[in-house]
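The values are calculated or read from the model by the stated rules, or taken from the named source; none is laboratory data. Keep in mind that this is a model prediction, so the values were computed, not measured. Don't worry about glycine lacking a Cβ; one is built from the backbone with ideal geometry, like all the others, and counts go over all protein chains shown.
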Amino acid sequence: MGGLEEDASTVQVHITREVKGKSCQREESKKRRGLLYTTVDVAGKTQEALMNTGATHNFMSPRVAEWLGLKLTKDRSWFTALNVKERPTKGVVKNVDLRIGRWTGKADFNIIDMDKLRVMLGMDFMEKLSAMLNPYCRVMLMAGKEGQPEWMIPLVSKDGADTT
């Protein structure tokens, strides 16, 4: 068959098997569907972050931003979520310190009211880090310089209802 889809899946399998010499092997009991989360240090405090490939930006709840003592800058951005009317953001926090595994850096977050989520990392974050999610193995692969896989970050899957 060939083509882009086959090439992409071949690359993903190859990368998954080659990162730090570890292979992806799951026990049958660990086969679980759900949203993918990872542990992140945001401004020095540990949080659980949803990894959301359907979100263009990074988001944080106002409650978490306040708890972390982050300086909120008002802006005129709007956001739209699935089945939700377009709404304005509460503002933005810029250059927030992040640590995921051994990786450290900074990210911007749009502040929005979220019922159950605290922190959400979207495509903005994943593209910046050349990150790739592998839901089967429940890992996020992050590329270093030269685009080679450098870090493998564990992910946890949870049902959407388990986000409190």
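Observations on the model:
- Counted residues, the range 95-133 - those being part of a helix (DSSP H, G or I), without any contact (Cβ under 8 Å) to a residue 40 or more places away in the chain and crowded, with 17+ Cβ neighbours inside 10 Å: 0
- Condition check for residue 65: in a helix (DSSP H, G or I), surrounded by 12 or more Cβ atoms within 10 Å (Cβ to Cβ) and either among the aliphatic types (A, V, I, L, M) or at pLDDT 95 or above (or both): yes
- Residue count for the range 134-152 satisfying the condition of being of a type outside the set (A, V, I, L, M, F, W, C), modelled with pLDDT of 80 or more and either assigned to a strand (DSSP E or B) or more than 18 Å from residue 52 (Cα to Cα) (or both): 1.
- Single match in 79, 109 (criterion: of a type outside the set (S, T, N, Q) and at pLDDT 95 or above): 109
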